[in-house]
Amino acid sequence: MSILITDKDRRIEYISPYFTEVTGYSKEEILGKTPSLLKTDKTRRETYNQLNDMLEAGGRWHFVNRKKNGEEYTEAVLVSSIKNESGEVTHYVGIKEDISEYKRMKKELSDQLYFTSVR
């Protein structure tokens with residue numbers, strides 16, 4: 001799992017080493033940017049709208065994102081807000097898991113089951 005911390009305006013302030021391993025972006029390339037740098041058109045617009053509407057409350061989403069080398073990957077993201085003593089959001093913490101291999105295996109098993117049942 002990788003960890004991403006942004007300020008309230010979603011500018012990245014911290015990434016874990018695993019984030020670099022998954023995406024190919026170094027700290028120097030990603031700090032100060034927003035996670036939208038990874039965005040593809042394969043994630044539905046409604047998902048991003050939900051994210052924007054519910055970000056303060058936190059939640060779990062799935063995104064198809066793009067690595068630095070252009071390769072796409074699917075990740076599950078859990079986002080939580082961090083608030084100060086006044087209750088104002090100061091940061092967001094994202095815990096991200098690359099689930100590409102899981103999705104590939106699930107599809108392969110589904111295809112195998114379908115092929116077996118059609119025979």
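Some notes on this structure:
- Per-region count, the range 69-79, residues farther than 17 Å from Asp7 by Cβ and surrounded by 12 or more Cβ atoms within 10 Å (Cβ to Cβ): 7
- Qualifying positions in the range 33-68 - in contact (Cβ under 8 Å) with a residue 40 or more places away in the chain and either open to solvent by 70 Å² or more (accessible area, probe 1.4 Å) or outside any helix (DSSP H, G or I) (or both): Asn65, Lys67, Lys68
- Only one entry in Ile82, Ile95, Ile99 is touching a residue at least 60 places away in the same chain (Cβ under 8 Å), in contact with a strand residue (DSSP E or B) (Cβ under 8 Å, 6 or more places away or on another chain) and either exposed (fewer than 12 other Cβ atoms within 10 Å of the Cβ) or aliphatic (A, V, I, L, M) (or both), namely Ile95.
- Verdict on Met105 being more than 24 Å from Asp9 (Cβ to Cβ) and not charged (D, E, K, R): yes
- Considering residues of the range 1-32 that are outside any loop (DSSP other than H, G, I, E, B) and aromatic (Phe, Trp, Tyr) only, the residue least open to solvent (accessible area, probe 1.4 Å): Phe19
- The combined condition, being closer than 22 Å to Glu101 by Cα and touching a Ser or Thr at 6+ places or on another chain (Cβ under 6 Å), is fulfilled by Thr74.
- For first residues located in the range 1-27 and at positive phi, partners that are in a loop (DSSP other than H, G, I, E, B) and open to solvent by 30 Å² or more (accessible area, probe 1.4 Å) and lie 6+ apart or on another chain with Cβ distances below 8 Å form the pairs Arg10/Thr34; Gly24/Lys67; Gly24/Lys68; Gly24/Asn69.
The values are calculated or read from the model by the stated rules, or taken from the named source; none is laboratory data. Given the structure is predicted, the values throughout are model-derived calculations rather than measurements. All Cβ positions, glycine included, derive from the backbone under ideal geometry; neighbour counts span all protein chains shown. Surface areas here come from the heavy atoms of the whole protein model, side chains and all, with no ligands, DNA or RNA. Shrake-Rupley method; radii C 1.70, N 1.55, O 1.52, S 1.80 Å.
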